[in-house]
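Trainee: Please find one structure pasted underneath; my questions will follow.
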């Protein structure tokens, strides 16, 4: 029975990747949420939130959201389906293609501020000035996680009968997707399944937050002082410390949350299954974008290809998913994203080629330790 009978999102395909399964000696499945109406997983939680706002406030509700792109697109698509007003606040750097997509969905677009949190401040002012307005959160709300959890419900019945994954991989920005996956894993009785979260250096607020909670994390992390440019903030309601990143330097802009959801950090610290948190270089995500496009004929943005990158580095993958007698089953969440073009792909190839020619290895941060991986593709 579908726990979301009136959903606005799509049930997306789960396909076994012949390329990655062969490379890794495992059964690698791809959950293709790039096929959602807004081209990312955001369609799930945000449309779930929008439907609830419609039920509570009626057809005159005005949905307002601040976004770097993908969350705004999801809100606009949901508002269009519901026939309600939607205003999206974007930072000044938002591209024309994003603006065009939003306007095709009937959304009003306002560009304010250099960073997401500046756009968010303007969005809050707009909500305060409009009695019919409801603020749609981008990643930090239980209704969002409940909607995103639908991924796991689908995966359970899409995998071969009796199959349980050893691990699920996803990328992390503000940690809304991770919260949804953990919520879903618990709901289907898979709370012991490992979750591997992937971020890029320069956009690692979730990774840094886990490391700030001494004695609360079930894995290998030990508390250490936050690195330069990162401050620690204790959130009393969640009883956890979260990291605040002063300056986001990663090119994976959709991962660019300054701080993660404190309740999701707490969820990660308390779950029975292990949470394995890693950070990779932008160049490693760029390489994965190119390899994934070549292998699967699918173009995704850097925030998504970060999830895929460990699967193209067998030595790293085997540290994250220990080998057993039977090939493990692993699900990679292809979360999608609108912010990528063919021109970007060419740029990534040039950047990665120059980086490989310069020699050396890539450094990956894993639960407080530093690992190295070869730059050349497997």
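Trainee: Which of the residues belonging to region 54-71 are out of contact with any helix residue (DSSP H, G or I) (no Cβ under 9 Å at 6 or more places or on another chain) and either at negative phi or not assigned by TED's automatic domain parsing to the domain that holds residue 85 (or both)?
Mentor: Selection gives 55, 56, 57, 60.
Trainee: Taking the residues in region 67-93 that are surrounded by fewer than 20 Cβ atoms within 10 Å (Cβ to Cβ) and under 23 Å from the mean Cα position of the chain (by Cα) as candidates, determine which candidate is farthest from residue 342 (Cα to Cα).
Mentor: Checking each candidate, the answer is 92.
Trainee: If you don't mind, there's one more thing I want to ask. Determine whether residue 340 is within 29 Å of residue 45 (Cβ to Cβ) and touching a strand residue (DSSP E or B) at 6+ places or on another chain (Cβ under 7 Å).
Mentor: So residue 340 fails the test.
Trainee: For region 22-34, give me each residue that is in contact (Cβ under 8 Å) with a residue 24 or more places away in the chain and part of a helix (DSSP H, G or I).
Mentor: Listed by number, the residues that qualify are 23, 24, 33, 34.
Table: residues versus (1) in the same structural domain as residue 249 (by TED's automatic domain parsing); (2) at pLDDT 95 or above; (3) in contact with a strand residue (DSSP E or B) (Cβ under 6 Å, 6 or more places away or on another chain).
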residue	(1), (2), (3)
147	yes, yes, no
152	yes, yes, no
164	yes, yes, no
169	yes, yes, yes
175	yes, no, no
178	yes, yes, yes
187	yes, yes, no
190	yes, yes, no
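Trainee: Under 26 Å from residue 95 (Cα atoms) and more than 23 Å from the chain's Cα centre (by Cα): does that describe residue 339?
Mentor: Here the answer is no, as residue 339 does not meet what is asked.
Trainee: Restricting attention to region 325-349, and to residues there that are more than 11 Å from residue 28 (Cβ to Cβ) and part of a loop (DSSP other than H, G, I, E, B), which single residue is modelled with the highest pLDDT?
Mentor: The residue in question is 335.
Trainee: When region 270-299 is examined, which residues are found to be farther than 26 Å from residue 372 by Cα and in a helix (DSSP H, G or I)?
Mentor: 270, 296
Trainee: Examine region 82-92 for a residue that is within 24 Å of residue 255 (Cβ to Cβ) and out of contact with any strand residue (DSSP E or B) (no Cβ under 8 Å at 6 or more places or on another chain), and state whether such a residue exists.
Mentor: no
Yes/no per residue for (1) more than 20 Å from the chain's Cα centre (by Cα); (2) more than 27 Å from residue 3 (Cα to Cα):
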residue: 99; (1), (2): yes, yes
residue: 113; (1), (2): yes, yes
residue: 117; (1), (2): no, yes
residue: 125; (1), (2): yes, yes
residue: 128; (1), (2): yes, yes
residue: 140; (1), (2): no, no
residue: 144; (1), (2): no, no
residue: 155; (1), (2): no, no
residue: 161; (1), (2): yes, no
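Trainee: Moving to a separate point now. What do you reckon, is residue 327 under 28 Å from residue 15 (Cα atoms), touching a residue at least 60 places away in the same chain (Cβ under 8 Å) and exposed (fewer than 15 other Cβ atoms within 10 Å of the Cβ)?
Mentor: For residue 327, the condition - under 28 Å from residue 15 (Cα atoms), touching a residue at least 60 places away in the same chain (Cβ under 8 Å) and exposed (fewer than 15 other Cβ atoms within 10 Å of the Cβ) - is met.
Trainee: State whether the residues of region 296-303 include one that is free of Cβ contacts under 8 Å to residues at least 40 places away in the same chain and closer than 30 Å to residue 137 by Cβ.
Mentor: Within region 296-303, not a single residue is free of Cβ contacts under 8 Å to residues at least 40 places away in the same chain and closer than 30 Å to residue 137 by Cβ.
Trainee: So, restricting to strands (runs of 3 or more DSSP E) that lie completely within region 94-172, which ones have at least 3 residues that are in contact with a helix residue (DSSP H, G or I) (Cβ under 9 Å, 6 or more places away or on another chain) and buried (at least 23 other Cβ atoms within 10 Å of the Cβ)?
Mentor: 167-171
Trainee: Just for region 300-324: of the residues that are touching a helix residue (DSSP H, G or I) at 6+ places or on another chain (Cβ under 8 Å) and not in a helix (DSSP H, G or I), which one is surrounded by the fewest Cβ atoms within 10 Å (Cβ to Cβ)?
Mentor: Residue satisfying both the conditions and the ranking: 313.
The values are calculated or read from the model by the stated rules, or taken from the named source; none is laboratory data. Source: prediction; values computed, not measured. With ideal geometry, Cβ positions are generated from the backbone for all residues, glycine too; neighbour counts draw on all protein chains shown.
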